[in-house]
Amino acid sequence: MLLAGAAAGLLGGCHRIAPPTPLDELNAQQARGHAVFQARCGQCHYDREEGPLHGPSLRGMFKKRYLPSGAPANDERVTATVLHGHGLMPAQPGMDPQDLDDLLAYLHTL
């Protein structure tokens, strides 16, 4: 009985997402990406909390196989979504390439 409870606890933990990197441990690029997130994404998406705001939380997005849209969770798909939009998310076509790189670096810390 005790073994079954321990196994259930271990299996339940498999679905947890590791916590984001603490803000004070971000490197310079990731910190710039956090600022980009706050300016461009934070009004619709949580970064450090689970659950939706206006759009889905981005916590752990690169720790999962797929994005909420069903697309693979990789830099290429996230870049396409940011630049071209998806569903209710508006496109950000004029985003500075360095800002986009910094944002991706930050999102990988979530």
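The values are calculated or read from the model by the stated rules, or taken from the named source; none is laboratory data. Keep in mind that what you see is a predicted model, and the values were worked out from it rather than measured. All Cβ positions, glycine included, derive from the backbone under ideal geometry; neighbour counts span all protein chains shown. Remember, those area values only see protein heavy atoms, side chains included, never the ligands or the DNA or RNA. Shrake-Rupley method; radii C 1.70, N 1.55, O 1.52, S 1.80 Å.
Points to keep in mind about this one:
- Net charge of Cβ neighbours under 15 Å - reference Phe37; Lys, Arg +1; Asp, Glu -1: -2
- About its Cα centre, the chain has a charge dipole of approximately 420 debye under the convention of +1 per Lys or Arg Cβ and -1 per Asp or Glu Cβ, with nothing else charged.
- Taking the alpha carbon gyration tensor of the chain, multiplying each eigenvalue by 5 and rooting it gives semi-axes of 29, 16, 12 Å, largest first.
- Each Lys or Arg adds one and each Asp or Glu subtracts one; over the other residues with Cβ under 10 Å from the Cβ of Leu110, this totals +2.
- Between helix 97-107 and the chain: long-axis angle, C-alpha atoms, 0 to 90°, nearest 10: 10
- Each label point was placed 7 Å from the Cα along the Cα-to-Cβ direction; for Glu50 and Lys64 their separation is 1.0 nm.
- A 1.4 Å probe run over the protein chains yields, for the chain, 64 Å² of accessible area per residue, whole-number rounding.
- Degrees between helix 2-13 axis and first principal axis of the chain (Cα, 0 to 90, nearest 10): 0
- Estimated inter-spin distance, Asn74 and Ala18, nm [label 7 Å along Cα→Cβ]: 2.1
- Under a 5 Å amide H cut-off, with hydrogens placed 1.01 Å from N, Asn74 pairs with nothing among residues at least 5 apart or on other chains.
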